[in-house]
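Notes follow the structure.
Coordinate-derived values only; no laboratory data. Given the structure is predicted, the values throughout are model-derived calculations rather than measurements. Cβ: placed from backbone, ideal geometry, glycine included. Neighbour counts: every protein chain shown.
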Amino acid sequence: MDFQTLALPESGVSGIAADALIVVLPATGDLPSFGGVVDAALADALKGGDLERKAGKSVYLPRVAGVKAGRVVLAVSRDASAKAFKSAVASALAAVKSGPAKHVAVVGGDASAAHAEALAIAVGDAVYHYSKTKPSAAPAPALAKVSYAVPKSAAAAAKTGLGVGAAIVSGMDLARECANLPANYATPTYLGEQALAMVKTHGLEVEVLDRKACEKLGMGSFLSVARGSEEPPKFIVMQYKGGAKKDAPVVLVGKGITFDTGGISLKPGPEMDEMKFDMCGAASVLGTLRSVAELKLKVNLVGLIPTCDNMPSGKATKPGDVVTSMSGQTIEILNTDAEGRLILCDALTYAERFKPAAVVDIATLTGAIVIALGHHNSGLFSPDDALAADLLAASAAGLDPAWRMPLDDEYDDLLKSNFADMANIGGRAGGSITAAKFLQRYTSKFPWAHIDIAGTAHRSGAAKGATGRPVPLLTHFVMSRAK
Ligand code: BES
Ligand code: MN
Ligand code: ZN
């Protein structure tokens with residue numbers, strides 16, 4: 001997708017050469033002027049009842065006399081926020097993307113960097129198109145170029161915002177594509193290849209450790225999850241070195257369960273297919289590394305991805321088995337379906353060698369976070385108030401909602417085991433919190449946060465598919481740590 005700014009003509013927007021023109025207007029207050037012809041069409045649509053000045057409403061007008069663009073979409077924004085602008089653009093794009101328009105111009109919003117970024121991400125969401133394993137898929141949308149028409153004085157800021165948005169879209173697309181790909185394609189080996197491909201395309205340093213190398217490192221917890229599968233596990237280490245040598249890196253750790261059957265603690269059948277999305281944390285790490293590399297941020301960033309299938313078999317880990325993690329702490333596996341924490345804990349211990357400024361793990365970790373927060377907010381856990389505040393600020397800037405959850409020590413007692421240093425489950429109550437408490441036991445050496453994305457990384461039902469979240473949040477967080 002080609003994103004550009006366009007100088008808003010003084011004569012109004014009717015002369016803009018594009019295949020479609022999206023005009024975003026506010027739901028309340030005075031109507032801004034877009035120039036005679038468009039103002040008249042807008043007044044007419046409002047008067048005729050074709051358009052209501054209510055958030056989310058839009059109307060599609062083909063061939064408006066006197067307007068150069070072949071189609072005009074008028075879309076109403078709830079307020080002046082970037083969030084409202086983004087959803088107005090999204091509703092307008094729904095009408096345009098199935099048509100022949102290749103070049104869409106957008107006018108409205110405040111032309112700030114934030115609005116420009118929101119525009120780019122709305123476009124990325126609208127045109128993302130999965131076809132890899134679906135030969136009968138409809139052709140990809142024709143849309144190839146988007147111009148944001150802004151006053152000259154705002155052009156520089158808008159251009160910056162479009163650039164950030166384009167990089168985030170690029171990372172989200174990688175995350176969506178990896179996550180949507182079925183588990184018989186998106187194996188641990190495939191994820192390793194995706195990472196290795198970024199050595200050439202994005203100048204990353206990448207190492208893919210195999211089972212033997214992980215054994216040598218003592219990753220007994222990670223490997224206990226991989227035991228039941230014929231598919232070889234991988235531990236992916238990616239480094240982007242945009243900062244000074246002495247700058248402590250940010251480390252992102254992504255859960256890469258390429259399929260979660262539950263293991264011997266087998267999941268029920270319905271919707272089990274969605275457990276191919278259990279590598280969305282890993283996908284968001286791959287995506288964020290791509291975004292950050294494309295933005296050429298002056299920062300050091302490490303991505304760690306422990307990845308394997310969680311399968312039942314004669315070799316699989318059994319409930320009650322005790323394993324030794326890389327940290328030396330032992331774990332009684334009371335439920336083999338609580339496997340995410342078992343692969344993440346060894347990755348967190350591995351992260352110590354980078355002497356990180358901060359470590360953030362991202363995981364489709366618990367069904368309990370979906371009960372707590374639904375599908376809107378990701379769950380953010382951190383004992384470090386400053387780090388939590390930075391991540392919440394990044395969440396707000398990226399329009400990628402997250403809500404802070406508690407980590408009181410009292411929850412930790414639920415992980416007691418008679419046979420090991422800890423159990424891998426803490427019971428049904430507060431399930432997403434005890435999962436986070438488990439991880440916290442591996443994070444004494446660095447500032448740490450955990451993001452549970454089980455409710456936000458993918459959708460079910462008719463819109464089944466990966467969302468690309470939380471790449472916007474993570475990219476903004478890394479931007480906030482860059483020089
Ligand atoms: N991958 C699941 C969590 C999940 C659930 C992700 C729904 C996306 C949608 C995770 O490995 C899991 O199975 N968690 C268990 C933990 C329990 C056994 C303590 C859960 O949430 O039920
Ligand atoms: Mn599980
Ligand atoms: Zn899982």
What's the ranking of 275-281, 84-90, 396-402 by average number of surrounding C-beta atoms within 10 Å, highest first? 275-281, 84-90, 396-402
Mind grabbing the base-10 log of I(q)/I(0) for segment 2-150 at q = 0.17, 0.18 Å⁻¹? Debye formula, identical points on the C-alpha positions, no solvent, two decimal places. -0.90, -1.01
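If you take the Cα Rg of segment 190-328 and divide it by 2.2 N^0.38 Å, with N the number of residues, what do you get? Before the final figure, lay out each step's value.
On the way: Rg = 16.4 Å, N = 139, 2.2 N^0.38 = 14.3 Å.
With N residues counted in segment 190-328, Rg over 2.2 N^0.38 Å equals 1.14.
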Show which aspartates and glutamates lie in cross-link reach of residue 296 when reach means a straight Cα distance below 16 angstrom and same-chain residues fewer than eight apart are skipped. 205, 247
Label zone at residue 353, where the point sits 7 Å out along the Cα-to-Cβ direction: segment 231-252 residues whose backbone N lies under 11 Å: 237
Can you list the aspartates and glutamates whose alpha carbon sits under 15 Å from that of residue 267, skipping same-chain ones fewer than 8 residues off? 278, 309, 337, 339
Under 19 Å between alpha carbons - lysine pairs in segment 2-150 that sit 8 or more apart or on different chains: 13
Quick check: residue separation of residue 200 and residue 68 times 0.36 nm, minus the Cα distance between them. What number comes out in nm? 43.2 nm
Relative contact order, percent, segment 33-80 [alpha-carbon distance under 8 Å, six or more residues apart]: 31 percent
Rounded if a/c under 1.5, otherwise prolate or oblate - segment 339-483, Cα gyration tensor axes: oblate
Distance violations [Cα-Cα > 25 Å] among 216/298; 255/355; 216/445; 234/315; 200/245; 216/437: 216/298; 216/437
Could you please state, rounded to a whole Å, how far the C-alpha centre of segment 170-201 is from the C-alpha centre of segment 238-297? 10 Å
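Over 19 Å apart: what share of the alpha carbon pairs of segment 88-144 falls there, rounded to a whole percent? Please list the in-between numbers first.
Numbers: 533 of 1596 pairs.
Here the long-distance tail beyond 19 Å is 33 percent of all Cα pairs in segment 88-144.
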Per residue, the convex hull volume that the Cα atoms of segment 85-244 enclose (Å³): 166 Å³
If the cut-off is 16 Å between C-alpha atoms, which lysines fall inside it for residue 152, apart from same-chain ones fewer than 8 positions away? none
What is the P(r) of the chain, as percent of Cα-Cα pairs per 10 Å bin from 0? 4, 20, 28, 22, 14, 8, 3, 0
Between residue 418 and residue 385, what is the label-point separation in nm under the 7 Å Cα-to-beta-carbon projection? 4.2 nm
Over the chain, what is the relative contact order in percent, taking alpha-carbon pairs closer than 8 angstrom and at least six residues apart? 14 percent
